[in-house]
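All of the numbers you see were taken from the coordinates with simple rules; none came from a lab. Keep in mind the model is a prediction, meaning the values are calculated, not measured. Because the Cβ atoms are built from the backbone with ideal geometry, glycine has one as well, and the counts that use them run over all protein chains shown.
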Amino acid sequence: MITLDYPFSQVRQAHDLKLIDSICQSGGVIVYPTETFYAIGGNALDKDLGQRLSKIKKRPLDKPFPSLAGSRKALEKLVCRWPQSALKLADEYWPGALTMVLEGCKNLPPAIIENDGSVAVRWSPHPLLKELAKLSHIPLISTSANLGGQPPATKADQLDPQLLTNVDLLIVADNQNPDPLPSTIIDARVDPPILLRPGAVEIQGLS
């Protein structure tokens, strides 16, 4: 496993970003920081990655993963329809810890799309994701970097060593918030949207 400390030095930044992109493009598994918890994932468009992640996390194979990116352009590769209410919420709360369930595009890997054709996506404000988006608009699978039933990690030393033995790359950048909330999840396919899980983003009028 390769380990990188973030933020990268000015001398190493271009090299390290290209390394992350290369590992993602080739179907590698990465553990990386987000604005909430450490996530485990990789290229959301890779058809084989989901099965590998499910085995690493000891998670059911038929339970799809959410995705995130450092740009809205990357998420447009996953979402085929943006209702006006969803666009309004995106303008107001993205980038941010808001996950929206929307209608997924056709022919997406089964690891990221539900049986009803929906995908769960968010535009992350984490600076690492923003820097990666400047290099390559790849959406990433983003699920908490923990084994099934274990708590999510905000610090690298909280990551399970067993999980890390199956990872290609670890990017270390501990969250300075000791008790962050998970992202808020809403079903944005309908108007008004429906709150599925309360979290870091409070949206008035949703129930």
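Things to note:
- Taking a straight line from the alpha carbon of K134, these lysines sit under 23 Å away, with near neighbours fewer than eight places off in the same chain left out: K18, K73, K77.
- Positive-end residue, the chain charge dipole about Cα centroid, Cβ charges, pick of Q13, C24, Y38: C24
- Binning the alpha carbon pair distances of the chain at 5 angstrom intervals from zero yields the distribution 1, 8, 16, 21, 21, 17, 10, 4, 1, 0, expressed in whole percent.
- The GluC sites (Glu not before Pro) of the range 1-93 that DSSP puts in a loop, and whose beta carbon has at most 15 other beta carbons within 10 Å, are E76.
- Only beta bridges with both residues in the chain are counted; by DSSP, about 55 percent of them are antiparallel.
- Extending 7 Å from the Cα toward the beta-carbon at both R197 and Q158 defines two label points whose distance is 1.5 nm.
- Taking a ≥ b ≥ c as the square roots of the eigenvalues of the Cα gyration tensor, the range 28-81 is oblate, since a/c reaches 1.5 or more and a/b is not larger than b/c.
- Hits among aspartates and glutamates - C-alpha to C-alpha of K88 under 18 Å, sequence gap 8 or more where chains match: E76, E103, D187, D191, E202
- Counted by Cβ distance under 12 Å from G199, the other residues give a net charge of 0, where Lys and Arg count +1 and Asp and Glu count -1.
- A simple spin-label model places the labels of L87 and Q204 2.4 nm from each other, with each point 7 Å out along Cα-to-Cβ.
- Considering only beta bridges that DSSP places wholly inside the range 48-136, some 65 percent are antiparallel.
- Each Lys or Arg adds one and each Asp or Glu takes one away; over the other residues whose Cβ falls under 14 Å from the Cβ of S85, this sums to -2.
- Dipole moment magnitude, nearest 20 debye, the range 2-197 about Cα centre, only Lys, Arg, Asp, Glu C-beta charged: 340 debye
- Cysteine residues of the chain whose C-beta has no other cysteine C-beta under 4.7 angstrom: C24.
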